[in-house]
Amino acid sequence: MQDYGFVLGAGDSYTNPGFSHAQVVNANVSNNIWINLNVRGVIIGHGGDGSVSPDGCTFANNALRGSVSPLINLSHPGNTVFTNNTTSGSNPAMPGTPLTTTNTGPASYSY
């Protein structure tokens, strides 16, 4: 999916003789930050023959930053729920303190 920041794909009908894309079901895409979306943004419902949209999916609390328009392309969103997402152009400063090696990776978890 050339240059897309993220793709939540649509599917092909299972009776389509050219079937190649399964339907996305119950995906939860939450609490992400995309930066430098300057060529293509995020696309919801891309691909397939468009007859089987995503089902039961959530796209929430995400931040999209870049200069492309639109930052979120709703090709075939189906019943995807969109909540508390933010968009803005030309890559403003990231919210909050940048992550360091002490709060990411294995050392950041207690088992």
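The values are calculated or read from the model by the stated rules, or taken from the named source; none is laboratory data. Just so it is clear, the model here is predicted, and its values are computed rather than measured. Methodologically, a virtual Cβ is constructed for each residue, glycine included, from the backbone with ideal geometry; neighbour enumeration extends over all protein chains shown.
Looking at F59, F19, F6, can you tell me which residue is closer than 18 Å to S88 by Cβ, among the aromatic types (F, W, Y) and surrounded by fewer than 21 Cβ atoms within 10 Å (Cβ to Cβ)? Just one listed residue meets the conditions, F6. The lone criterion from (1) under 19 Å from T80 (Cα atoms); (2) modelled with pLDDT of 85 or more left unmet by G48 is number (2). Within segment 49-84, the set of residues being small (G, A, S) and more than 12 Å from the chain's Cα centre (by Cα) comprises G50, S51, S53, G56, G66, S67, S69, S75, G78. Based on this model, can you work out whether L64 counts as part of a loop (DSSP other than H, G, I, E, B), buried (at least 18 other Cβ atoms within 10 Å of the Cβ) and modelled with pLDDT of 85 or more? Judged against the criteria, L64 is not a match.
Condition first: assigned to a loop (DSSP other than H, G, I, E, B) and touching a strand residue (DSSP E or B) at 6+ places or on another chain (Cβ under 9 Å). Now tell me which residues in segment 28-49 satisfy that. N31, N32, I35, N36, L37, R40, G41, G47, G48, D49 - these are the residues of segment 28-49 that are assigned to a loop (DSSP other than H, G, I, E, B) and touching a strand residue (DSSP E or B) at 6+ places or on another chain (Cβ under 9 Å). Report yes if some residue within segment 16-27 is within 24 Å of T83 (Cβ to Cβ), assigned to a strand (DSSP E or B) and touching a residue at least 12 places away in the same chain (Cβ under 8 Å); otherwise report no. Taking every residue of segment 16-27 in turn, at least one turns out to be within 24 Å of T83 (Cβ to Cβ), assigned to a strand (DSSP E or B) and touching a residue at least 12 places away in the same chain (Cβ under 8 Å). Residues that are at pLDDT 90 or above, surrounded by 12 or more Cβ atoms within 10 Å (Cβ to Cβ) and either under 10 Å from the mean Cα position of the chain (by Cα) or under 22 Å from A63 (Cβ atoms) (or both) within segment 22-40 comprise V24, A27, V29, S30, N32, I33, W34, listed in sequence order.
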